[in-house]
Amino acid sequence: MDSNSRRSDLMDQMGPRLSYLRRLLYLIGTTFLIGALAFYNRYPLVFSDSGTYIREAFLLEPPPDRPIGYSLIIRAVTWQSTLWTVVLFQSGMLAWLLWETLRKVLPAQVVLWRTHLLLVLVLVLCTSMPWYAAQIMPDIFTPMIALILYLLFRAPELGRVKRGVLWVCLFFFLITHNAHVAMAALLLVGMALIHLPWNSRRAWPRFWPNLGGMALVLVSGVAFIAWFNGQNGMRPVFSPSANVFLSARLCENNLLADFLSEHCGDRNYAICPYKDELPMVPVDFIWGDNSITTKMGPKMTVADTLLAPVVHDLLTDPVYLGRFLRSSLVASITQLFQVNAASGLSSYQLGSAPHREVADRLPWELSTYNSSLQNNGAWRDLGVSNRVVQLALLLAVCVLLWIRRNWMAHSQLRTLIPLLLTWVVLNAVVTASLANVYDRLQSRVAWLVVLAACLALTQTAWGRRLLEMSDFRSA
């Protein structure tokens, strides 16, 4: 064999490796782009609940008011030495999921990285996505679950390794937040009803095995959290504080107050002595030294047990159940319109939970934490940013309605866009019905609507012309 032939064979072998390396380097670059807010802030963004997640990542003791899932992820990716890797993991997962989604949706001849980069730039500059990717909070995993489910159900060609990674991620992402389980369960039931045996012609390839896998992951996640709670001195249930949060929600519209006024005379509920002190705002029922939960506790799990009878009786009373469902409908619609890019990003200084946990667990990062823009009040007023986010969301809704026929004619988008929009609605319904109306709970998924609109635009004449500018196959 001559030298030219050997060189040709060597280049053929190196080709796929170079392609893979270029793709990896590109995704690392977009990872930093998605997480750029954390670097601009000089430290990962934190919320008041971040301290609990950081503490439990070190202690591995489940808190009563949330599952341990996110703390397990923090522990796995930080090596108990820095919070920067949490932001990189969250941003990297998001960059990869968007990449794989575009690979499935776009024509093969499109230069994928150009479209991916443009999409990432739009989402970073015009949506709430980067604010949650840069936070030490599990909220960024809520929209990721929708993308994972789409890829698992509609991209069987991904290969065993990638699909295995997606199933593992689905397991851990589901158990990072209580709402994820309820949302996934509702979606699972809805998907099963749509694809019942008599509608088998409409079913996607391997739909039922994938649906069974989703159900198995969901049940396994719930069972794991229940087991973990039981091993750490709490009741072996998924949420040892579910009745506390439901009671707080029932304070709205005077549901709980009216029920107690009507029944405390003949039923000895543990909360009856406090029926005249019930707050109108759910958070005031749960948190604070003078909250009802603290007075009934002192531990939340104790209060949860005491509140269980009244929650059960109220929700099984037809009159009060009807009132609860009506209030939940109004709250769910209200929640859909709550968008705030940087909700809750106050200055968490000395005495706050995030400051305390960084000082105790990661003291070598405390100076950087203290000097961050967030702790110097940089994100208190984001009027311009929020107006951009809200305008982008409004335009996205208009685009989806305007070109509905275009994206409905695309076999993949006909599945993906309704899935994304359904996930946004489910988030509003679950959070507003079981917790409270709060802008950050909806802002975490609102950017999925903009993503859907961007994908829909690829099916317009203008979008096709833009894509046709890429005239060779993507790497």
Worksheet item: Which of the residues spanning the stretch 274-291 are part of a helix (DSSP H, G or I) and over 29 Å from the mean Cα position of the chain (by Cα)?
Response: Tyr274
Practice prompt. Count, please, the residues in the stretch 122-162 that happen to be assigned to a helix (DSSP H, G or I) and more than 20 Å from the chain's Cα centre (by Cα).
Written response: 7
Practice prompt. Would you check if Ala108 is closer than 21 Å to Leu151 by Cβ and either surrounded by fewer than 20 Cβ atoms within 10 Å (Cβ to Cβ) or out of contact with any helix residue (DSSP H, G or I) (no Cβ under 7 Å at 6 or more places or on another chain) (or both)?
Written response: yes
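Can you name every residue in the stretch 178-206 that is outside any helix (DSSP H, G or I) and either at pLDDT 95 or above or of a type in the set (Gly, Ala, Ser) (or both)? Explain how you work it out, then say what you get.
Of the residues in the stretch 178-206, the ones outside any helix (DSSP H, G or I) are 195-196, 203-206.
Within the stretch 178-206, just Ala203 meets the criteria.
Return the only residue of Ala432, Ala392, Ala396 being closer than 30 Å to Pro282 by Cα and of a type outside the set (Asp, Glu).
Values: Ala392 fails: closer than 30 Å to Pro282 by Cα; Ala396 fails: closer than 30 Å to Pro282 by Cα.
It is Ala432.
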Discussion item. For the stretch 369-420, give me the residue count where each residue is among the hydrophobic types (A, V, I, L, M, F, W, C), surrounded by 12 or more Cβ atoms within 10 Å (Cβ to Cβ) and not in a helix (DSSP H, G or I).
Written reply: 5
Response to the item:
Filtering the stretch 347-389 down to residues that are without any contact (Cβ under 8 Å) to a residue 40 or more places away in the chain and hydroxyl-bearing (Ser, Thr, Tyr) yields Ser347, Ser367
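On the given criteria, is Asn427 in contact with a helix residue (DSSP H, G or I) (Cβ under 9 Å, 6 or more places away or on another chain), closer than 30 Å to Leu246 by Cα and assigned to a loop (DSSP other than H, G, I, E, B)?
No.
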Worksheet entry | the stretch 422-432 - residue that is of a type outside the set (Val, Ile, Thr) and within 14 Å of the chain's Cα centre (by Cα) and, of those, surrounded by the most Cβ atoms within 10 Å (Cβ to Cβ) | Asn427
Discussion item. Contact list please: Cβ distance under 6 Å, first residue in the stretch 175-196 and outside the structural domain of Asn427 (by TED's automatic domain parsing) and hydroxyl-bearing (Ser, Thr, Tyr), second residue crowded, with 18+ Cβ neighbours inside 10 Å and in a helix (DSSP H, G or I), pairs at least six apart or on different chains.
Written reply: Thr176/Gly69; Thr176/Tyr70; Thr176/Pro138; Thr176/Phe141
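Tell me, which residue of the stretch 256-285 that is crowded, with 20+ Cβ neighbours inside 10 Å and not aromatic (Phe, Trp, Tyr) is farthest from Val310 (Cα to Cα)? Quick ask: steps written out before the conclusion?
Let us first name the residues in the stretch 256-285 that are crowded, with 20+ Cβ neighbours inside 10 Å, namely 256, 259-260, 271, 282, 285.
Next, from what is left, pick out any that are not aromatic (Phe, Trp, Tyr): 256, 260, 271, 282.
Working: Leu256: 9, Leu260: 8, Ile271: 8, Pro282: 16 Å.
Filtering the stretch 256-285 for residues that are crowded, with 20+ Cβ neighbours inside 10 Å and not aromatic (Phe, Trp, Tyr), the one farthest from Val310 (Cα to Cα) comes out as Pro282.
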Worksheet item: Only one of these conditions is not met by Met137: (1) in contact with a Leu (Cβ under 9 Å, 6 or more places away or on another chain); (2) outside the structural domain of Leu416 (by TED's automatic domain parsing). Which number is it?
Response: (2)
Item to complete: Report, by residue number, each residue of the stretch 382-410 that is of a type in the set (D, E, K, R) and either closer than 19 Å to Gln442 by Cα or outside the structural domain of Ser343 (by TED's automatic domain parsing) (or both).
Response: Arg387
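Can you pull out every residue in the stretch 53-92 that is in contact (Cβ under 8 Å) with a residue 12 or more places away in the chain and not in a helix (DSSP H, G or I)? First the steps, then the outcome.
Our first condition is that a residue be in contact (Cβ under 8 Å) with a residue 12 or more places away in the chain; within the stretch 53-92, this holds for 53-58, 60-62, 64-75, 77-78, 80-84, 86-92.
Of everything in the stretch 53-92, those that are in contact (Cβ under 8 Å) with a residue 12 or more places away in the chain and not in a helix (DSSP H, G or I) turn out to be Leu60, Glu61, Pro62, Pro64, Asp65, Arg66, Pro67, Ile68, Gln80, Ser81, Thr82, Leu83.
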Worksheet entry | Residue identified as aliphatic (A, V, I, L, M), crowded, with 18+ Cβ neighbours inside 10 Å, in contact (Cβ under 8 Å) with a residue 24 or more places away in the chain and outside the structural domain of Asp65 (by TED's automatic domain parsing) among Ala331, Ala435 | Ala331
Discussion item. I need every pair where a residue in the stretch 231-252 that is more than 20 Å from Val437 (Cβ to Cβ) and free of Cβ contacts under 8 Å to residues at least 12 places away in the same chain has its Cβ under 7 Å from the Cβ of a residue that is surrounded by fewer than 24 Cβ atoms within 10 Å (Cβ to Cβ) and of a type in the set (Gly, Ala, Ser), sequence separation at least 6 or different chains.
Written reply: Pro236/Ala226; Pro236/Gly230; Val237/Ala226
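The values are calculated or read from the model by the stated rules, or taken from the named source; none is laboratory data. Everything quoted here is computed from the prediction, not taken from an experiment. Heads up, the Cβs are rebuilt from the backbone with ideal geometry, glycines too, and the neighbour counts pull from every protein chain shown.
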